[in-house]
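Below is one structure, written out as structure tokens, with a few remarks after it.
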């Protein structure tokens, strides 16, 4: 059997992997010969970051991995830029690839040059951001809200623009009404979007935070969380929820205790000043958590 020469094998591998990443771009592809609407080799030093980029946090480990891949195979997918004055460019999309290319010590990268004004820049950056699978629900919600506010879009217009149902857009944007701690739990995947949507059924942020503690403590499913919300708001009973007769001052005390202890608290007080304080718990673990909270642990 005829052996394949080592040199020919090397050529075959190079053909599969594309151009040598260490090689410089062809000399004829100069800044003066830039093609708007086409792919150009552009020096990284000539490109500035997109000020409209909705993401400001990039995972360093993921960037390092991408940089290592770029060192091996080169930048396979071009970034997108717009031309500024002189030989300067502004990034429209591909900031992860741009940052990783810098880490890989590339001098220039392939870039698709587009014409765009500031509003188009913002819209393209936000839409590209939304299309990324690794976004958490809060990042998606913020991007939707920015598109609505800064690009003057209605919910219907936005749903058409991004190819999502109007109800999907509305459900994401409603997440921004949640208290910061609950949004953080959603960002960290401690709860799902289903949990968050259920907790939105509680009318006060204090109540939402109390319910969140119960969800985390008991590792409740979405369905169990929906039942918890119904019980909390009185929706699980045929009888209407009994209206509180406590003064605002005492109701504040109840809300504060509920949030601190992470469970439902009831206060009954007579006109004489006597009364009872009822602290509910659903398991030994929950009781221990309440005792720890009371002891400041």
Please compute one quarter of the surface area of the Cα convex hull for the stretch 192-240 and express it in square nanometres. 3.2 nm²
Peptides 194-202, 65-73 ordered by average Cβ neighbours within 10 Å, highest first: 194-202, 65-73
Span from the the stretch 141-192 Cα centroid across to the the stretch 58-82 one, whole angstrom: 28 Å
Semi-axes, largest first, in whole Å: what does sqrt of 5 times each Cα gyration tensor eigenvalue give for the stretch 244-297? 23, 11, 9
Kirkwood Rh, Cα Rg: Rg to Rh for the stretch 35-116? 0.95
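Could you list 58, 281 in order of exposure, starting from the residue whose Cβ has the fewest other Cβ atoms within 10 Å?
So the ranking, lowest neighbour count to highest, is 58, 281.
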What order do you get for 38-49, 87-98 when each peptide is scored by the mean count of other beta carbon atoms within 10 Å, highest first? 87-98, 38-49
Can you sort 109, 253 so the residue with the fewest Cβ neighbours within 10 Å comes first? 253, 109
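Quick check on the stretch 63-202: of the DSSP beta bridges with both residues there, what percent are antiparallel, nearest 5%?
50 percent
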Averaging sequence separations of C-alpha pairs under 8 Å and six or more residues apart, then dividing by the length of the stretch 35-116, give the relative contact order as a whole percent. 49 percent
How many nm separate the modelled label positions at residue 59 and residue 174, each set 7 Å beyond the Cα in the direction of the Cβ? 2.9 nm
Starting from the Cα of residue 160, step 7 Å along the direction of its Cβ; do the same at residue 39; then give the gap between the two resulting points in nm. 3.4 nm
For residue 277 and residue 252, FRET efficiency with R0 = 25 Å and r from the beta-carbon atoms, rounded to 0.05? 0.95
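How long is the gain from residue 117 to residue 219 if the chain were fully straight, where each residue apart is worth 0.36 nm and the alpha carbon distance is subtracted? Show your work: numbers first, answer last.
On the way: separation 102, 0.36 × 102 = 36.72 nm, distance 4.80 nm.
Between residue 117 and residue 219, full extension yields 31.9 nm more.
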Students often check this: by mean Cβ neighbours within 10 Å, which of 217-224, 206-213 ranks highest, and how do the rest follow? 206-213, 217-224
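Throughout, read-outs are computed from the coordinates displayed, never taken from laboratory work. Because the structure is predicted, anything quoted here is derived from the model rather than measured. Using ideal geometry, Cβ is built from the backbone for each residue, glycine included, and neighbour counts are taken over all protein chains shown.
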